[in-house]
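Here's the structure we're looking at; comments come further down.
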Amino acid sequence: MLIAGNWKMFKGPAEARTFFDGFEAPADVDVVFCPPYVSLGSAVETGQTIYAQNVHWEPTGPYTGEISPQMLVELGVQGALVGHSERRQLFGETDEMVARRARAALEAGLGVIACVGETLEQRESGDTELVLKIQVEAISFAAGAHERLVIAYEPVWAIGTGKTATPEMAEEAHAFIKGLLDRPVLYGGSVKPENAAELMSQTSVDGALVGGASLDPDSFAAICWAASTS
Ligand code: PGA
């Protein structure tokens, strides 16, 4: 099981350090933290596995505001999220950009958690599988079933809304994704200590990508324990 905490635009370096002082996870769960860029350095110092929340595809260049895979490697960061729905929806990232980010990060030796998921409108109009197919195939075409690639299924309507996909809905979407690309699939969207165990017990759910509930050491640890077999 892999449990990743996406801190989004929360926790500067000092707050990040405080979090780690109060956090302990079970040994049989792989735990990844995705702090904001400015907190990556202090997070790496704790010895935890640290991923960035995004990554550019070029090693260097005139790309104001972007960070390259090589820069992350130099810092001791082990991977990056790509294609989070907030990047896609608020910052105009396309499937092509997400695919380029994923491939460059993998080529630089980083792990990648690539996010896919449908909006409420797409689900209600019956387009969930079509949307997932387009998003997953863009990543798959660029990166293949790379051993350091993980997919995160995050239905957009479940992110930060308190609405969680039912375990059956998650299972169905995960099985569909695995049919397109044979890699582990994390579930994301309002994962909390109360619903984590049931979601994680689904056959095709290989872990979770947690936003809000990863900001508190106790609630994030509780989710990690729910994913533990020990
Ligand atoms: P949430 O966010 O757990 O707060 O819904 C998940 C995510 O955006 O990765």
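The values are calculated or read from the model by the stated rules, or taken from the named source; none is laboratory data. Predicted model, so just to flag it, every value in this text is computed and none were measured. Cβ placement follows ideal geometry from the backbone for every residue including glycine, while neighbour counts extend to all protein chains displayed. Only protein heavy atoms, including side chains, enter the accessible area calculation; ligands, DNA and RNA are left aside. Shrake-Rupley method; radii C 1.70, N 1.55, O 1.52, S 1.80 Å.
A few points about this structure:
- In this simple spin-label approximation, Thr161 and Asp28 carry label points 7 Å from Cα along the Cα→Cβ vector, and these lie 3.5 nm apart.
- Simple point charges give the picture: +1 on the Cβ of Lys and Arg, -1 on the Cβ of Asp and Glu, and for the range 2-229 a dipole about the Cα centre of about 380 debye.
- Spatial separation of Cα centroids for the range 1-42 and the range 201-224, in angstrom: 12
- You can think of it this way: the chain between Glu137 and Thr229 has 29.9 nm of extra reach, that is 0.36 nm per residue less the Cα-Cα gap.
- Among Val156, Val205, Val131, the largest mean-square fluctuation in a Gaussian network model of the chain (Cα springs under 10 Å) belongs to Val131.
- Counted residue by residue at 0.36 nm each, then reduced by the alpha carbon distance between them, the extension gain from Thr64 to Glu168 reaches 33.2 nm.
- Adding -39500 (n - 2.57) for every DSSP H run of four residues or longer, then dividing by how many residues the chain holds, sets the calculated 222 nm ellipticity at -11500 deg cm²/dmol.
- Most positive-pole-ward Cα, His84, Gly162, Gly212, against dipole of the range 2-229 from beta carbon charges: His84
- For the chain, built as a Gaussian network whose Cα springs stay under 10 Å, the top-fluctuating residue of Gly111, Gly41, Gly212: Gly41
- With a simple spin-label model that places each label point 7 Å from the Cα along the Cα-to-Cβ direction, the separation between Ser125 and Ala145 comes to 3.3 nm.
- Accessible surface, 1.4 Å probe, highest first, among residues Phe19, Phe91: Phe91, Phe19
- Contact order relative to length of the chain, as percent, for alpha carbon pairs under 8 angstrom and 6 or more apart: 22
- Long-range amide H partners of Val82 with built H, under 5 Å: Ile113, Ala114, Cys115
- Taking only alpha carbon atoms, the range 78-230 gives an Rg to Rh ratio of 0.94, where Rh is the Kirkwood radius.
- Accessible-area ranking of Met71, Met200, Met169, largest first, probe 1.4 Å: Met71, Met169, Met200
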